[in-house]
Amino acid sequence: MSADPLQVLASAGKGESTRGLLRVIILLLIAAAAIASRLFSVIRFESIIHEFDPWFNFRATKYLVANGFYNFWDWFDDRTWHPLGRVTGGTLYPGLMVTSGIIYHALRALTIPVDIRNICVLLAPACSGLTAVATYLLTNEMTPSPSAGLLAALFMGIAPGYISRSVAGSYDNEAIAIFLLVFTFYLWIKALKQGSMLWGALCALFYGYMVASWGGYAFITCLLPLHAFVLICMGRYSTRLYVSYTTWYALGTLASMQIPFVGFLPVKTSEHMPALGIFGFLQLLAFLDYVRAAMPSRQFQTFLWMFAGGTFGLSLLGLVLATSAGVIAPWGGRFYSLWDTSYAKIHIPIIASVSEHQPTAWPAFFFDLNMLIWLFPVGVYLCFQELADEHVFIVVYAVFGSYFAGVMVRLMLTLTPVVCVAAAIAVSTLLDTYLRAKLPKPEEIQAAEASEGKKGAKSGLKSTSKPVVGVYAIWGKSMMVSALAVYLLIFVLHCTWVTSNAYSSPSVVLASRLPDGSQHIIDDYREAYQWLRQNTREDAKIMSWWDYGYQIGGMADRPTLVDNNTWNNTHIATVGKAMSSSEEVSYPIMRQHEVDYVLVVFGGLLGYSGDDINKFLWMVRIAEGIWPEEISERSFFTPRGEYRVDGEATEAMKNSLMYKMSYYNYNNLFPPGKAMDRMRNSLLPEVGPTLSTLDEAFTSENWIIRIYKVKDLDNLGRDHTSAAAFDRGHKKAKKASKKRGPRRLRVD
Amino acid sequence: MRSLLSLFSLLAFLFAAAVSALSTSGNRLLVILDDVAEKESYSKFLGDLESRGFQLSFESPKSESLALFHLGERRYDHVVFFPTKTKGLGPNLTPNILVDFMNANGNVLVTLTSGTAAPNSLVSLLTELEIQLPADRTNLVVDHFHYDAASAADTHDVLLLPPPTSVRPDIKNYFGAGAGKDDVLAFPRGVGAALGASELLTPILRAPRTAYSYNPKEQAEVVDDVFAAGEQLSLVSAFQARNSARLTLVGAAEMLQDKWFDVEVTKAGANKAAKTFNREFAKRVSGWTFNEIGVLRVNWIEHHLNEAGGNNESNPTIYRIKNDVKYTISLSEYVWTTWSLFTVPANDALQLEFSMLSPFHRLALTPSAAYTSAGESESGYSATFKLPDQHGIFNFKINYKRPFVSNVEEKNTVSVRHMAHDEWPRSFVISGAWPWITGVGVTVAGWLGFCALWMYSAPVGGKRAGSKKTQ
């Protein structure tokens, strides 16, 4: 597919306009392919918002559309983080919601009534089309070859590393952020190449949009100064760099400070200090440059360079001092975990508990990027060959992107664009080398025919710099080209397969296969959320582990205690404590937080691995972080260090609210003594747990979601254990007081 | 809001019901007796109840048709248990059913007498409420100092007591108020109970310091295992559940009989015979149990922004931090036949909490004359305060729980939001910002000045532009 246009180009007339038209058509087709390959989930399931975070974004978008921008800006959300509430308008990146809102209103103005949900579902695929175009533009800045840009656009359009975050329904910040990231880089390169204030300002504008959209903007904030710094170190300081950088920094920082969530962070936190430092350094350099031009004395120049270096060192020292003095906030936990992958596990369990913050496994690179991952170094190498300012950018981006993708699964996303660009440069260089064999002069062709084509194929890369090597034999060319074509086809197959199998599940609805091969949908989540929506008071507070907070807020429309916006570790730890303590300890916590229902996810019946018992240790760890003397992770392990739920589970485990809620009444499903947890493959004790402070309210079809109602205080002033015992028919012993030693006297 | 509305409608319904019955919670009264013939001995007590508007039904515990619930609804509003000879009360009056009855806001009056064992079902119920009865059915309260010389000169088992005083200084005296100095209560052949530490229990009538409980059937000279003695022995006890359902335990059923309403008694050591206070006391105890006195009603609750020029909306769902707010609650107390003003006792305070997880404010509400109106039956209490500088979901909480008065537990939830982006003072109002504003102005002016200077000054030579290109 990608090779075709070249051949068409070769045979068709060489008119500029024909080429331009073809290029536009190809780009449009690539964009269409990018969108189409992301629609698996809509076709297989339905137009539904996926996973967890998108549910919040969706809810926020609905609020924005219903209440207007200013109300959204000042939104105080009293339905999350009960009873603290969340200053949502000031703690989110509004770019995504505002984009959807604008599209929604624009379509309505054109009298096209589209449901806001469909806009949200399809925003990510639509943006991926734009990303493909932006990648085309960025790549075109790197190489004169027109095919490289088209290849890069195609790679970007279907690379699974990007698709993983942008399938239809994955309504997350990354959906538009990657487009903005690539486009900002394109504008930066453009500005740098031309030394243009206009492009610099445009770059700042899109940087501002990026800041408004995704917390990952810090990647740009660090990468551009780094690029500038590397250029300076290479002795490539120029007025172009000065103009583009200062324009970008000044305007971009001002733009970023308009977002309430960011506010003064650009001048306060360490993540933003490199950009500020380079900005100052550039001023100094510009000044020195001016002075040097005015006074052409060699010794004076060396003195000045010393002066520049000294100032840089001093300001670095000042930065360190200011950080240690607390004027500048030190690096956040997420950033530490970027340097030391085990940092979060020890210090901030809440960050480590998120699966997408884990270090990347090797196969993930091949899974997400397939052949691009081995073309990537070739492309970077080719950039080294030319090494203009923009190629330095690719090199710097490649190095940092690879590192970050290695330490955190999630950051595979930021690596994907540079991989696509570099791989496209490599492939197009190969193709150009072998297809445009007519460039050399006739005598060189004859010389080339004499030598073997096969040898040329091996050293095909070097042939770019030395076109005299003999690679002009037809069979050699065709072998090389057909091999590449096969690779490209396999790549397309792989991408489609990965997209369809790994990244198109909404994870709200689980799909499984029946023995006869037909698809069976497990819809317990929505069943339970619908139950909550229809059977509970509108202000009934639901306590669950934070993973389900956004979904409960979005689908069940009920207030939650904690949700996926994990800003308050203590509050999450409170929920963790309630879940991992015994009923007597949990009940006062739940009363204090006015909890009406408790929701747990239980996968024991179905063998569903993402259930709360499997996440339970994180709850314990996070609670232990705040109350080390009350909760101890050790007490949930058997003396032999095993995490068990069967008859040999520890007392702390058996008494914990989570265990009781998970296995309450579970025995009744099985013949006596045969109760089996299919997830953990363990035989449960014969007598199931009893609950006295909670009533079972709802259990979904496959027992994945279980909802419990928190009992009110006993009407007759008894404690719940004895009240429950009384209800079961156990009478208190009549003479209980006699045996208990001296009676407590009543003082009124 | 909605709970308030439903409260109103409920109250309206209750008010309609109160036209015929003078209790606030219905007039269907079930009397449990061994034998219907026994009711003759309580004719005055029952006649008093009937004259106050109650519809009495009489049932024997053995009766097949006896049921407290019909299709999940209460069939009776109140139940009186007179002593029965049977040990059990049958399958229709199990302790669980009685607990359900109380959970459904039914009131219970239990009477015991010495010599007749309390039925198992009642004993279990009372045990659940932390009321302990002596184990032997013949246990008896005696007092060798305060007995009726006329009828129990030897056995000392008819106690003569002064009418009860307030248990605590901050509680109105519902049972002994207005009694004359010479009035005495006769407590014949009764059973004393020991009360546990439950906050829902209050003794109405305590035994004098010299009384004790013992079993006359035991022939020992010395009583070694006293069940309870002195003031720990509660003769008449009150229990009020969290939903304000009431249970009263009267230790001596004879106290309510006609003969003890009229009889003349003589205190030990005194010569003068006196009439008993029993009839009035019985009226008050039954009246309290059946929600004729000591019932509080929340008429309405209102809170609003108390700021000049602010929105005057009633009961908004959202406030802003540091708003000034006024909260008012209107209460009435039911006294026998009418709703009347509720006044907080002198030593007590009605408190408002403004709380999120823990109270940020705890304020005593003051009587507010402006809201005391509506035929002098509703008294308003209000407080004004400034909301804390903390956003979140807060509750206006009234938690007024006192013995003998029905529970008032009201929670009105409001959100307190942060300052909106346009609610901060403008920069030019803040004096600290003036240097910065000046700085901005100077920079702008300087830049414009520089531009003007640059544009209107002719270049000195042509080489100026070229010199910049060196790198």
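The values are calculated or read from the model by the stated rules, or taken from the named source; none is laboratory data. These numbers come from a predicted model, not from an experiment. Cβ atoms come from the backbone with ideal geometry, glycine included; neighbour counts cover every protein chain shown.
Among the residues of the stretch A:71-88, those that are more than 8 Å from chain B (Cβ to nearest Cβ) and either surrounded by 22 or more Cβ atoms within 10 Å (Cβ to Cβ) or over 14 Å from A:G553 (Cα atoms) (or both) comprise A:N71, A:F72, A:W75, A:D77, A:T80, A:W81, A:R86, A:T88.
Of all the criteria given as (1) in a helix (DSSP H, G or I); (2) under 28 Å from the mean Cα position of the chain (by Cα); (3) away from chain A (no Cβ under 14 Å), the one not satisfied by B:K259 is (2). Applying the condition of being of a type in the set (A, V, I, L, M, F, W, C) and buried (at least 17 other Cβ atoms within 10 Å of the Cβ) to the stretch B:342-356 and asking which residue is nearest to B:D324 (Cα to Cα) yields B:F354. For A:E630, the criteria (1) in contact (Cβ under 8 Å) with a residue 60 or more places away in the chain; (2) more than 22 Å from A:S609 (Cβ to Cβ) hold in every case but one, which is (1).
Results for (1) among the charged types (D, E, K, R); (2) buried (at least 20 other Cβ atoms within 10 Å of the Cβ); (3) within 20 Å of B:V184 (Cβ to Cβ), shown as yes or no for each residue.
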position: B:W260; (1), (2), (3): no, yes, yes
position: B:K275; (1), (2), (3): yes, no, yes
position: B:T289; (1), (2), (3): no, yes, no
position: B:V295; (1), (2), (3): no, yes, no
position: B:P316; (1), (2), (3): no, no, no
position: B:D324; (1), (2), (3): yes, no, no
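Got a number for residues in the stretch A:241-298 being among the polar types (S, T, N, Q) and within 14 Å of chain B (Cβ to nearest Cβ)? Selection size over the stretch A:241-298: 2.
It is to be established whether one or more residues within the stretch A:514-534 are in contact (Cβ under 8 Å) with a residue 24 or more places away in the chain, away from every other protein chain (no Cβ under 14 Å), part of a helix (DSSP H, G or I) and of a type in the set (A, V, I, L, M). Scanning the stretch A:514-534 turns up at least one residue that is in contact (Cβ under 8 Å) with a residue 24 or more places away in the chain, away from every other protein chain (no Cβ under 14 Å), part of a helix (DSSP H, G or I) and of a type in the set (A, V, I, L, M).
Can you name the residue in the stretch B:391-410 that is within 13 Å of chain A (Cβ to nearest Cβ) and buried (at least 21 other Cβ atoms within 10 Å of the Cβ) and is also farthest from B:N107 (Cα to Cα) among such residues? The selected residue is B:H391.
Kindly indicate whether any position in the stretch B:349-360 is touching a residue at least 12 places away in the same chain (Cβ under 8 Å), over 22 Å from the mean Cα position of the chain (by Cα) and outside the structural domain of B:N243 (by TED's automatic domain parsing). The answer is yes, given that some residue of the stretch B:349-360 is touching a residue at least 12 places away in the same chain (Cβ under 8 Å), over 22 Å from the mean Cα position of the chain (by Cα) and outside the structural domain of B:N243 (by TED's automatic domain parsing). Among all positions in the stretch B:38-48, there is no residue which is within 14 Å of another protein chain (Cβ to nearest Cβ) and either over 30 Å from A:R718 (Cα atoms) or touching a Lys or Arg at 6+ places or on another chain (Cβ under 6 Å) (or both). If the condition is being crowded, with 23+ Cβ neighbours inside 10 Å and of a type in the set (A, V, I, L, M, F, W, C), then the stretch A:534-544 contributes A:I542, A:M543. Residues that are more than 9 Å from chain A (Cβ to nearest Cβ) and either more than 15 Å from B:S65 (Cα to Cα) or surrounded by fewer than 21 Cβ atoms within 10 Å (Cβ to Cβ) (or both) within the stretch B:90-104 comprise B:G90, B:P91, B:N92, B:T94, B:I97, B:L98, B:D100, B:F101, B:A104, listed in sequence order.
Against the list (1) among the β-branched types (V, I, T); (2) under 26 Å from the mean Cα position of the chain (by Cα); (3) outside the structural domain of B:S237 (by TED's automatic domain parsing), the condition B:I318 fails is (2). Scanning the stretch A:216-240 for residues that are in a loop (DSSP other than H, G, I, E, B) and more than 14 Å from chain B (Cβ to nearest Cβ) yields one hit, A:G216. Identification of strands (runs of 3 or more DSSP E) wholly contained in the stretch B:47-149 with 2 or more residues that are free of Cβ contacts under 8 Å to residues at least 40 places away in the same chain yields B:55-59. Being more than 14 Å from chain A (Cβ to nearest Cβ), modelled with pLDDT under 90, surrounded by fewer than 16 Cβ atoms within 10 Å (Cβ to Cβ) and closer than 30 Å to B:A186 by Cα is a property that holds for B:A270.
Does the stretch A:100-116 include one or more residues that are away from chain B (no Cβ under 14 Å) and within 21 Å of the chain's Cα centre (by Cα)? Scanning the stretch A:100-116, I find at least one residue that is away from chain B (no Cβ under 14 Å) and within 21 Å of the chain's Cα centre (by Cα), so the answer is yes. Identify the residue in the stretch A:51-70 that is surrounded by fewer than 21 Cβ atoms within 10 Å (Cβ to Cβ) and of a type in the set (A, V, I, L, M) and, among all such residues, is nearest to A:S256 (Cα to Cα). Selected residue: A:V65. Exactly one residue out of A:V481, A:V508 is surrounded by 14 or more Cβ atoms within 10 Å (Cβ to Cβ), part of a loop (DSSP other than H, G, I, E, B) and not assigned by TED's automatic domain parsing to the domain that holds A:I707: that is A:V508.
Per-residue answers, yes or no, for (1) buried (at least 16 other Cβ atoms within 10 Å of the Cβ); (2) in the same structural domain as B:N278 (by TED's automatic domain parsing); (3) of a type in the set (K, R):
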| position | (1), (2), (3) |
| --- | --- |
| B:L140 | yes, yes, no |
| B:A149 | yes, yes, no |
| B:A153 | no, yes, no |
| B:R168 | no, yes, yes |
| B:I171 | yes, yes, no |
| B:G180 | no, yes, no |
| B:G192 | yes, yes, no |
| B:L205 | yes, yes, no |
| B:A238 | yes, yes, no |
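Being closer than 29 Å to B:E410 by Cβ, assigned to a loop (DSSP other than H, G, I, E, B), within 14 Å of chain A (Cβ to nearest Cβ) and among the small types (G, A, S) holds for only one residue in B:S237, B:S244, and it is B:S244. Scanning the stretch B:159-207 for residues that are of a type in the set (D, E, K, R) and within 14 Å of another protein chain (Cβ to nearest Cβ) yields B:R168, B:D170, B:E199, B:R206. Is it the case that some residue within the stretch A:549-569 is over 30 Å from the mean Cα position of the chain (by Cα) and either buried (at least 17 other Cβ atoms within 10 Å of the Cβ) or closer than 30 Å to B:F396 by Cα (or both)? For the stretch A:549-569, residues over 30 Å from the mean Cα position of the chain (by Cα) and either buried (at least 17 other Cβ atoms within 10 Å of the Cβ) or closer than 30 Å to B:F396 by Cα (or both): absent. Scanning the stretch B:411-450 for residues that are farther than 30 Å from B:T24 by Cα and of a type in the set (K, R), we see that the one that is surrounded by the most Cβ atoms within 10 Å (Cβ to Cβ) is B:R417.
Scanning the stretch B:417-429 for residues that are facing another protein chain (nearest Cβ under 8 Å) and touching a residue at least 24 places away in the same chain (Cβ under 8 Å), we see that the one that is farthest from B:N173 (Cα to Cα) is B:A420.
Against the conditions (1) modelled with pLDDT of 90 or more; (2) more than 30 Å from A:S37 (Cα to Cα), A:A437 satisfies every one except (1).
Do the conditions hold for A:T699, that is, is it over 21 Å from A:E584 (Cα atoms), surrounded by 15 or more Cβ atoms within 10 Å (Cβ to Cβ) and out of contact with any Pro (no Cβ under 9 Å at 6 or more places or on another chain)? In short, yes.
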